[in-house]
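The values are calculated or read from the model by the stated rules, or taken from the named source; none is laboratory data. Not measured: the values here are computed from a predicted model. FYI the Cβ positions are ideal-geometry reconstructions off the backbone, even for glycines, and counts take in every protein chain you see.
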Amino acid sequence: MHLTQLIYTSTISDSFVVDDIHSIMESAKRNNAEAGLTGLLYFNRQYFLQCLEGGRDQVNKAYNTILSDSRHKDIVILSYQEISEREFPSWQMGYLPESDLTKSAYIHFTANYTLDPYSISGSSAHGLILELKGILKQQKSVTSKAS
Ligand SMILES: Cc1cc2nc3c(=O)[nH]c(=O)nc-3n(C[C@H](O)[C@H](O)[C@H](O)COP(=O)(O)O)c2cc1C
């Protein structure tokens, strides 16, 4: 089965509460492990930006489930491509919330300092996701050194 990577964005729905993130991540870690999916979920309290990678059927199936989730709306695929190698092999679903550090990454990929994920190209979305991966990786190494 070809490895596939999908990046989409969406907006929180009116019924969304911040605690929903915990149940989303619980489901993601449980189901993605079973389906062989990996990726990253970025959240800035208004928008989600998620990268899902794995077998094509599994990616498509997970995306279809996520599409009908009432906790978000205006779901738009930004990038969909076959890949020869995973970019998030060690994360069933890494989670990264917005911070000053992640905000400073926006200008590399956007026309101004704010993030409107609907206005960026697929390759910019991919670039941003990779930069966010670097930030999460750094944070994880700091956390594990501290503990
Ligand atoms: C922004 C967002 C991202 C999500 N990401 C995933 C995911 O990566 N994997 C997953 O299984 N469910 C994900 N979900 C949750 C699914 O929409 C769905 O609620 C869940 O898969 C149901 O499975 P469960 O009954 O085992 O909890 C996500 C939901 C939202 C709103």
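Points worth noting:
- Contact map, the stretch 84-107: first residue farther than 12 Å from Lys133 by Cα, second residue among the acidic types (Asp, Glu) and modelled with pLDDT of 95 or more, Cβ cut-off under 7 Å, separation 6 or more or different chains; pairs are Arg86/Glu53.
- With respect to being surrounded by 13 or more Cβ atoms within 10 Å (Cβ to Cβ), more than 10 Å from the ligand (Cβ to nearest atom) and farther than 22 Å from Ala33 by Cα, Ser104 falls outside the description.
- Taken over the stretch 39-92, the criterion of being of a type in the set (A, V, I, L, M) and surrounded by 15 or more Cβ atoms within 10 Å (Cβ to Cβ) is satisfied by Leu40, Leu41, Leu49, Leu52, Val59, Ala62, Ile66, Ile75, Leu78.
- Ala35, sole failed condition from (1) touching a residue at least 12 places away in the same chain (Cβ under 8 Å); (2) more than 10 Å from the ligand (Cβ to nearest atom): (2)
- Restricting attention to the stretch 38-62, the residues that are of a type outside the set (A, V, I, L, M, F, W, C) and touching a residue at least 60 places away in the same chain (Cβ under 8 Å) add up to 3.
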